[in-house]
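Worksheet for the structure shown next.
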Amino acid sequence: MRLSPVLAAIAAALLLVPSPAAAGAEETDTDILLAQLDYTTGLSVTFTDSRPSEDVGMVQTGMIGRAPLIVRDSGDSLLQTFLEITPPDVAVPRRLVEDHGPGLPPELERRRITGDPVTAGGLTAPASAVNSGRAACNASWFSWTLWDDAGVPGLAPKSYTTFDFGGFKERYADSHVVNCTPQGSPSTLWARHRIYYRNVFGNYVKQFDSIVPPWHHQEATKGSAKRHRKVTYDDGWNSSPNCGGGTCVYSREGRFTS
């Protein structure tokens, strides 16, 4: 399977991220690709399934100003989002159907369901699903957030957990990163977010780990069952406020939802 240009850039930059052996071993889920969707704007969207947690996920990545992100309707399952942003001739991953549960959308009757990974390119997202605004390091992406750190030079690494917001188990973790570091900057100047869940032994297990290249934005959703969750952020310039004369900047925001 050929990677999209965005995913190829991410894969190359990930080689520069410290390995678990160097940074301290972490328990990690195995992420299984359910679908890879590539749009004419350069937007890349993936749907995944984590094992053994069985949490599904959606990640979308694109270049600022060229590839606006897709806005998921409030309360929609990942299956409903998949159906909205793909044409009828694109097969539907069976895992998304299983995760949705009863009361399946009627449009699913006209779609082929498969247990194999789905790949589709040259897609055009419906205008109703695409954000018309421009990504920015000082503007919120979600309709509401639990944390929203505007981009400023020297933003320190930080983690947010469900224990920071009432201590309730939540079904999903949503995270949005905008790396406003100028286009053409070295790939080492990435911003990074990771998503974890807390297992029955009280340990945080990593489900998602991705870098966002300079002048790109990324939104990630992971979840299914109600669990304690955590999202962690850092960057490739070690929070140095002098990096690029202060131009190395990223914003981060997110929420835990039921």
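The values are calculated or read from the model by the stated rules, or taken from the named source; none is laboratory data. Keep in mind that what you see is a predicted model, and the values were worked out from it rather than measured. Don't worry about glycine lacking a Cβ; one is built from the backbone with ideal geometry, like all the others, and counts go over all protein chains shown. Heavy atoms of the whole protein, side chains included, go into the accessibility calculation; ligands, DNA and RNA do not. Shrake-Rupley method; radii C 1.70, N 1.55, O 1.52, S 1.80 Å.
Observations on the model:
- On Cα atoms only, tilt of 5-14 relative to the major axis of the chain in degrees: 50
- Taking Cβ atoms as reference points and 14 Å as the exclusive limit, the residues near Gly167 contribute a net charge of +4, counting Lys and Arg as +1 and Asp and Glu as -1.
- Ellipticity estimate at 222 nm from DSSP helix runs (n ≥ 4, -39,500 (n - 2.57)) divided over the chain, nearest 500: -3000 deg cm²/dmol
- For segment 127-239, with +1 on Lys and Arg beta carbons and -1 on Asp and Glu, the positive-most of Val205, Asn179, Trp215 along the dipole: Val205
- Centroid-to-centroid separation of segment 107-132 and segment 215-229 [C-alpha atoms, Å]: 20
- In Å², nearest 10: area of Lys158 left accessible to a 1.4 Å probe: 100
- Normalising the average separation of contacting C-alpha pairs (under 8 angstrom, six or more residues apart) by the number of residues puts the relative contact order of segment 81-177 at 23 percent.
- Within-14-Å neighbourhood charge of Lys158 [Cβ basis; K, R +1; D, E -1]: -2
- Solvent exposure of the chain amounts to 45 Å² per residue of accessible area, where only protein heavy atoms count and the probe is 1.4 Å.
- Table column - 3J(HN,Hα) (Hz), segment 51-58, Karplus curve with 6.51, -1.76, 1.60, x for Gly and Pro: 10, x, 5, 6, 8, 8, x, 9
- Value of D in µm² per second that Stokes-Einstein yields for segment 83-209, Kirkwood Rh from Cα pairs, at 25 °C (0.890 mPa s): 131
- Close Lys-Lys pairs in the chain, where close means Cα under 16 Å and separation is 8 or more or interchain: 9
- Computed FRET value (nearest 0.05) for Val200 with Ile32, which takes r as the C-beta separation and R₀ as 25 Å: 0.70
- The local environment of Asp234, defined by Cβ-Cβ distances under 15 Å, has a net charge of +2 under the rule Lys, Arg +1 and Asp, Glu -1.
- Across segment 198-211, rounded Karplus estimates of 3J(HN,Hα) from the backbone phi angles (6.51 cos²θ - 1.76 cosθ + 1.60, θ = phi - 60°) give 9, 7, 5, 8, x, 9, 7, 10, 7, 10, 8, 8, 8, 9 Hz, Gly and Pro being marked x.
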